[in-house]
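The values are calculated or read from the model by the stated rules, or taken from the named source; none is laboratory data. This one's a predicted model, so the numbers in the text were calculated from it and none came from an experiment. Ideal geometry is used to build each Cβ from the backbone, glycine not excepted, and the neighbour counts take in all protein chains shown.
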Ligand SMILES: [Mg+2]
């Protein structure tokens, strides 16, 4: 199981993806997702310049040892670039091990704990009628849980709203990172008003519950824009509408902020998509300040790093809610689905279908049926990379937007 080659592939079939492909001396191929939206080339360089030379001739079967070698061996620990690079290597090695065993990865992780992973989709609208139509469309596609994002009166573009004006032709909820051409690409700038948002959002959930009744699981993402006391007030205001979770209420790195929110509301809380290590969660887990961990396999040191996080969360009765918008490549999504199927403390999986161009580059076998995702029984992850198709979509610079308040102050996006 000697590693013979490792190659970094950067491709842009509608958006940028960074992928690591490892090949063993027996010709077994493994894939790992290293996509860090808006900073893709930094991870590509970390892998090409500093990791690939270390991998050649290593034993591909030694996954934990390789994880520790890259994590402890670099001396400089954690951080999104480092942990995305470690994730790509780790995921590719799990893909190889499962292919060599002739099993889907979830079998190596202990086998299935459920028949499929409950997925939630992203419904949105500039106003309530458009939002209700979007929810109906998602229900017709089979979704059994729905994230609700809405326009705010007076604001031109709002995070997560598909038909918002800032998307530059792309569906904004699928691709908020606006691509550019020419020598210098700058992020789009948006404007934000938290007080207008806090006034408006409870009226939206009131309308959604009035239309769809009490049973449908509803989620909402605050995208790190509130102060702790604002988030506490919103959680309290949304209690009558029985949310599945309120996500990213405050900037995630301030773990203690969640204490104040928790004191004031019983609305379930989820956080962690910008985290990259179990140590980012220690206060949140040990004090039971959240209900769901939002990390992605792609940004958290791969299957090995995510398993360490989910096992600690399980000790405190906290469940998974893995990050899964389309900037997680099909490789990263497949890795998440194998964990979703295997771990006991699964909660829910975020899911947005990838574009046709993306699925031409990444040949997937996972399926979405009746609201549940399944990784399939193909040996390994169940995803293959078409190098020829990848070559037809060269990298294009793209950045997530920057947010400003009305007076020009930079705010959390
Ligand atoms: Mg989020």
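Kindly evaluate residue 372 against the criterion of being surrounded by fewer than 24 Cβ atoms within 10 Å (Cβ to Cβ), under 17 Å from residue 147 (Cβ atoms), assigned by TED's automatic domain parsing to the domain that holds residue 257 and modelled with pLDDT of 95 or more.
Numbers: surrounded by fewer than 24 Cβ atoms within 10 Å (Cβ to Cβ): yes; under 17 Å from residue 147 (Cβ atoms): yes; assigned by TED's automatic domain parsing to the domain that holds residue 257: yes; modelled with pLDDT of 95 or more: yes.
Yes, satisfied.
Part of a loop (DSSP other than H, G, I, E, B) and within 16 Å of the ligand (Cβ to nearest atom): is that true of residue 298 in this structure?
Working: part of a loop (DSSP other than H, G, I, E, B): no; within 16 Å of the ligand (Cβ to nearest atom): yes.
The answer is no for residue 298.
Determine if the range 37-46 includes at least one residue that is within 16 Å of residue 387 (Cα to Cα) and either outside the structural domain of residue 357 (by TED's automatic domain parsing) or surrounded by 17 or more Cβ atoms within 10 Å (Cβ to Cβ) (or both).
No, the range 37-46 contains no residue that is within 16 Å of residue 387 (Cα to Cα) and either outside the structural domain of residue 357 (by TED's automatic domain parsing) or surrounded by 17 or more Cβ atoms within 10 Å (Cβ to Cβ) (or both).
Run residue 400 past the list (1) surrounded by fewer than 18 Cβ atoms within 10 Å (Cβ to Cβ); (2) at pLDDT 95 or above and report the number of the one that doesn't hold.
(2)
Is there a residue in the range 244-252 that is away from the ligand (no atom under 15 Å from the Cβ) and surrounded by fewer than 23 Cβ atoms within 10 Å (Cβ to Cβ)?
Taking the range 244-252 as the starting set, the residues that turn out to be away from the ligand (no atom under 15 Å from the Cβ) are none.
No, that holds for no residue.
Looking at the range 194-234 only, could you name the residues that are within 22 Å of residue 132 (Cα to Cα) and within 16 Å of the ligand (Cβ to nearest atom)? Can you show your working first?
In the first step, residues of the range 194-234 are kept if they are within 22 Å of residue 132 (Cα to Cα); the result is 196-223, 234.
Those that are within 22 Å of residue 132 (Cα to Cα) and within 16 Å of the ligand (Cβ to nearest atom): 197, 201, 218, 219, 220, 221, 222, 223, 234.
Which of the residues belonging to the range 279-295 are in a helix (DSSP H, G or I) and over 18 Å from residue 79 (Cβ atoms)?
Of the residues in the range 279-295, the ones in a helix (DSSP H, G or I) are 279-286.
Across the range 279-295, the qualifying residues are 283, 284, 285, 286.
Let me spell it out: the conditions are (1) free of Cβ contacts under 8 Å to residues at least 40 places away in the same chain; (2) within 16 Å of the ligand (Cβ to nearest atom), and residue 237 meets all of them except one. Which number is the exception?
(2)
Going by what's in this entry, would residue 313 be described as touching a strand residue (DSSP E or B) at 6+ places or on another chain (Cβ under 7 Å), within 30 Å of residue 226 (Cβ to Cβ) and not assigned by TED's automatic domain parsing to the domain that holds residue 22?
Numbers: touching a strand residue (DSSP E or B) at 6+ places or on another chain (Cβ under 7 Å): yes; within 30 Å of residue 226 (Cβ to Cβ): yes; not assigned by TED's automatic domain parsing to the domain that holds residue 22: yes.
So residue 313 fits the description; yes.
If I filter the range 52-61 for residues that are crowded, with 23+ Cβ neighbours inside 10 Å and modelled with pLDDT of 95 or more, do I get at least one hit?
Filtering the range 52-61 down to residues crowded, with 23+ Cβ neighbours inside 10 Å leaves 60.
Of the ones still in play, those that are also modelled with pLDDT of 95 or more are 60.
Within the range 52-61 (the criterion being crowded, with 23+ Cβ neighbours inside 10 Å and modelled with pLDDT of 95 or more), the answer is yes, since at least one residue qualifies.
For every residue, the table says whether it meets (1) at pLDDT 95 or above; (2) in contact with a strand residue (DSSP E or B) (Cβ under 8 Å, 6 or more places away or on another chain); (3) not assigned by TED's automatic domain parsing to the domain that holds residue 146.
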site	(1), (2), (3)
187	no, yes, no
190	no, yes, no
195	yes, no, no
198	yes, no, no
204	yes, yes, no
207	yes, no, no
214	yes, no, no
218	yes, yes, no
228	yes, no, no
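I'd like to check something: does the range 161-174 contain any residue that is at pLDDT 95 or above and in a helix (DSSP H, G or I)?
no
Which of the following residues is more than 16 Å from the ligand (Cβ to nearest atom), out of contact with any helix residue (DSSP H, G or I) (no Cβ under 6 Å at 6 or more places or on another chain) and modelled with pLDDT of 95 or more: 314, 335?
Numbers: 335 fails: out of contact with any helix residue (DSSP H, G or I) (no Cβ under 6 Å at 6 or more places or on another chain).
After applying the criteria, what remains is 314.
This table checks each residue for (1) over 25 Å from residue 236 (Cβ atoms); (2) without any contact (Cβ under 8 Å) to a residue 12 or more places away in the chain; (3) within 16 Å of the ligand (Cβ to nearest atom).
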site	(1), (2), (3)
268	no, no, yes
288	no, no, no
294	no, no, yes
330	yes, no, no
